[in-house]
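Report on the structure given below.
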Amino acid sequence: MPEMVLPLRTMSWHTVCSSTSVGAEPTSNAEAEAVKNMSRIGILEAAAAVFGERGYDTASTNEILARAGLTRGALYHHFPSKESIAAAVLEAQGEALVVPDQPVKLQAVIDLTLAFSVRLQTDMVLRASVRLAVEQSSFSTSAQAPYNQSITLVEDSPACR
């Protein structure tokens with residue numbers, strides 16, 4: 001069985017905020033960076049939920065913000081547009097592709113596919129990235145990019161040589 005990859009969110013708000021009191025400003029650069037990363041992850045997870053349910057064209061930044069519970073300023077601090085949010089969600093496919101070390105190339109591809117399909121069942125961001133890649137919409141990023149990335153990853157992987 002292939003090694004499973006951790007989902008996009010590996011920390012919780014509780015973990016990030018446990019060392020500071022509620023409403024308090026972060027006391028260190030590490031805490032500030034953690035809060036910043038969590039707001040970005042929160043936006044991506046909210047966007048994934050909206051894109052997954054409604055598709056790119058009918059999704060709105062207002063709905064993403066409502067789900068994330070963040071301000072418009074926080075959204076634009078991380079992403080200049082809805083398209084840039086979708087592009088970041090689409091990148092989740094690349095993060096999910098980890099070629100397992102197998103002596104036989106075919107087995108590595110089978111294990112990669114199995115791990116990807118298992119992760120699709122529980123990872124909302126990954127499911128939304130697949131929807132963005134396959135649906136016909138005004139989202140201008142090439143739908144071929146994730147597939148080309150997969151091919152290149154398998155071809156260039158030391159596990160598959």
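None of the figures in this text is laboratory data; all of them are computed from the coordinates on show. These numbers come from a predicted model, not from an experiment. Cβ: placed from backbone, ideal geometry, glycine included. Neighbour counts: every protein chain shown.
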query = Label points 7 Å out from Cα along the Cβ direction at Val35 and Ser84: separation in nm?
reply = 2.2 nm
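Please give the FRET efficiency for Ile110 paired with Thr71, using the beta carbon to beta carbon distance and R0 = 35 Å, rounded to the nearest 0.05.
0.20
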